[in-house]
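The values are calculated or read from the model by the stated rules, or taken from the named source; none is laboratory data. Values in this document were obtained by computation on a predicted structure and should not be read as measured data. Here the Cβ positions follow ideal geometry from the backbone for every residue, glycine too, while neighbour counts run over all protein chains shown. Note: areas computed on protein heavy atoms with side chains; ligands, DNA, RNA excluded. Shrake-Rupley method; radii C 1.70, N 1.55, O 1.52, S 1.80 Å.
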Amino acid sequence: MSKTVDGAEVAKHSTKKSCWIVLDSKAYDVTSFLSDHPGGAPIILRNAGTDATEEFKKYHPLSYLNDYLPADALVGSVDPNTFGQLRQPKEEKAAPASETDDSKEVPHVSLCVAATDFEKAAKAVLPHKSYIYASGSANNGLALKGNIDDWGRISFRPRVMRNVGDVDTQRKIFGHSSMYPFYISPMGTMGAIHPEAEPEMVRGAVRKGAHVVVSTASSKTSEQIMQSWIDEQARLNNGSPTVLFYQYYMPVDRKKAIALMRIVKKCGYKGLWITVDTPVLGKRTADRYLQAEEALAVGIEEESTAEWEAGGDNDFAPAMGGRPVQGQLSPHTTWEDLEWIRKEWEGPIVLKGVQCAEDAKLAMEYGCEGILLSNHGGRQLHTAPSALMTLLEIRTYCPEVLGKLEIFLDGGLRDGNDVLKALCLGATAVGVGRPFLYALGAYGTKGVERCVDVLAEELQTGMRLLGITSLDQCRPEMVNASRLLNEMWRPEPLNVKSRL
Ligand SMILES: Cc1cc2nc3c(=O)[nH]c(=O)nc-3n(C[C@H](O)[C@H](O)[C@H](O)COP(=O)(O)O)c2cc1C
């Protein structure tokens, strides 16, 4: 039996030399863990001597405690009568006045008529740190800008007089019908965006018939998220055809990697989307500023930036003021790993983060069922190519991939018409990230539903104006991609080793 400890005693341990925190009514001595914490020491020190349960739950399931804290960190159960003696956490720094929305008023959800409108609404309500997390990108933001700009650099070549009274936007992903050819991209740590986190996002998607890819770095467990899907399907009882896929950050430890895959399989996720563009975390500049400010606020000077190279990815870790979660993704992953993964996972495998034609071809050779052309929303490699640019490369250098694999794109997609462009060029479906995250932050499930509606309406109108009634009619000649093609990479004449 663990011993009982007073709140007053816990409160005394609030320094770098002796740091205790309370999680789920138990006190833990995390002093030795400070330097290892994937989210950095400042966030723990800010909560030292306090009950940090609610703060912790925003980012991780409580089960993480067993995975990451050493067994001897447990000091004991906190006497419930002494909770009042704990320290109160330091107030989070408010967003700089210049960066907040003028009014802090959230517009009525029906005033969100474009997917880009949700950002302003979210910025007005989210804590500064959460907004930085959602909006952040790599280095000076050029990859994110390129993603957004490239959609606008392809134009349509519409046909007229085609009887477009009724249009059908349905699409199948690995045989699973969705009402739409877009899905919600995996984004970690939704607890920082909405108190109900991923289940709130899933409920909105189910209500509208959109598929969701769930992140390994979710705030809730894979089981909890799947349960929210099951409950919502049962509640609606309308045979809504959505499914959940699972985005997989491969744990470094092979045993843990296999155990995680088994949980995912048991839960009923319909496909494994292995993220491959994150051997290390990209440089999230806005997070770095936040980290430095937080560290200075608790008296710690910024550690060497080289430390940031150290580990896997949680995608929220930097905004928490530190390094990515160790053990969540291995920089040592190679193509050969697909062989043992395939033995464990019978369903479809998608590689998320393919960024050139050579790797698209390799994915096909290694027997993947799909590839997601993505630069992680411009959050990883500085000036990485947009998904559209990669798609054009594939069309030019290895078009056979298009017939063999399901092809997905994401990054910067903000309009239903962009979806159409991708489909004309051979995509199966596209992922949408930040707009759904902002919609969730500002309006919860209602926002998610609204975001689906906005994109769907644009898509339907786009189909009619393009002269098609079903997505099967999308053809490459319906778009003019010559501006992007002019800039597409061409092999050097001497590049004899190219695998193309
Ligand atoms: C806040 C945030 C968190 C993300 N977390 C993950 C993640 O946990 N795993 C992953 O594979 N991709 C993650 N991504 C990348 C998205 O899956 C997707 O590739 C990207 O958001 C698409 O770009 P968009 O936001 O411009 O639509 C994240 C993106 C954002 C914005």
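Values computed for the structure shown
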quantity	calculated
Total residues in the range 182-203, condition within 15 Å of the ligand (Cβ to nearest atom) and part of a loop (DSSP other than H, G, I, E, B)	7
Subset tally (residues that are closer than 22 Å to Val350 by Cα, crowded, with 19+ Cβ neighbours inside 10 Å and of a type in the set (D, E, K, R)) for the range 192-245	1
Scan of the range 325-368 for residues that are open to solvent by 60 Å² or more (accessible area, probe 1.4 Å) and acidic (Asp, Glu), ordered by number	Glu336, Glu339, Glu346, Glu365
Filtered residue count, the range 128-145, keeping only those that are within 10 Å of His382 (Cβ to Cβ) and either buried (at least 19 other Cβ atoms within 10 Å of the Cβ) or within 12 Å of the ligand (Cβ to nearest atom) (or both)	4
Residue that is least open to solvent (accessible area, probe 1.4 Å), among those in the range 370-385 that are out of contact with any strand residue (DSSP E or B) (no Cβ under 6 Å at 6 or more places or on another chain) and more than 10 Å from the ligand (Cβ to nearest atom)	Ala384
Selection status of Asp51, modelled with pLDDT of 85 or more and either within 24 Å of Gly188 (Cβ to Cβ) or open to solvent by 50 Å² or more (accessible area, probe 1.4 Å) (or both)	yes
Counted residues, the range 282-292 - those being open to solvent by 20 Å² or more (accessible area, probe 1.4 Å) and in a loop (DSSP other than H, G, I, E, B)	1
Residue list for the range 210-225, restricted to those being touching a strand residue (DSSP E or B) at 6+ places or on another chain (Cβ under 7 Å) and within 28 Å of Leu459 (Cβ to Cβ)	Ala210, His211, Val212, Val213, Val214, Ser215, Ile225
Those residues of the range 424-443 which are more than 14 Å from the ligand (Cβ to nearest atom) and either open to solvent by 10 Å² or more (accessible area, probe 1.4 Å) or within 17 Å of the chain's Cα centre (by Cα) (or both), in sequence order	Gly426, Thr428, Ala442, Tyr443
Given (1) of a type in the set (Lys, Arg); (2) over 21 Å from Gly152 (Cβ atoms); (3) more than 21 Å from the chain's Cα centre (by Cα), number of the condition Arg395 does not satisfy	(2)
Residues that are more than 10 Å from Val206 (Cα to Cα), under 22 Å from the mean Cα position of the chain (by Cα) and in a helix (DSSP H, G or I), drawn from the range 229-258	Lys256, Ala257, Ile258
Any hit, the range 378-397, residues being outside any helix (DSSP H, G or I), within 18 Å of Tyr180 (Cβ to Cβ) and at pLDDT 95 or above	no
Scan of the range 8-31 for residues that are out of contact with any strand residue (DSSP E or B) (no Cβ under 9 Å at 6 or more places or on another chain) and of a type in the set (S, T, N, Q), ordered by number	Thr15
Qualifying residue in the range 409-420 (condition: more than 13 Å from the ligand (Cβ to nearest atom), part of a strand (DSSP E or B) and within 25 Å of Asp337 (Cα to Cα))	no
Residues located in the range 402-415, provided they are at negative phi and buried (at least 24 other Cβ atoms within 10 Å of the Cβ)	Ile407, Phe408, Leu409, Asp410, Leu413
Long-range neighbours under 6 Å by Cβ, at least six apart or interchain, first residue not assigned by TED's automatic domain parsing to the domain that holds Gly416 within the range 103-121, second in a helix (DSSP H, G or I) and open to solvent by 50 Å² or more (accessible area, probe 1.4 Å)	Val106/Val125; Val109/Lys446; Val109/Arg450; Cys112/Arg450
Residue within the range 253-270 that is within 28 Å of Pro89 (Cα to Cα) and either surrounded by fewer than 16 Cβ atoms within 10 Å (Cβ to Cβ) or not hydrophobic (A, V, I, L, M, F, W, C) (or both) present	no
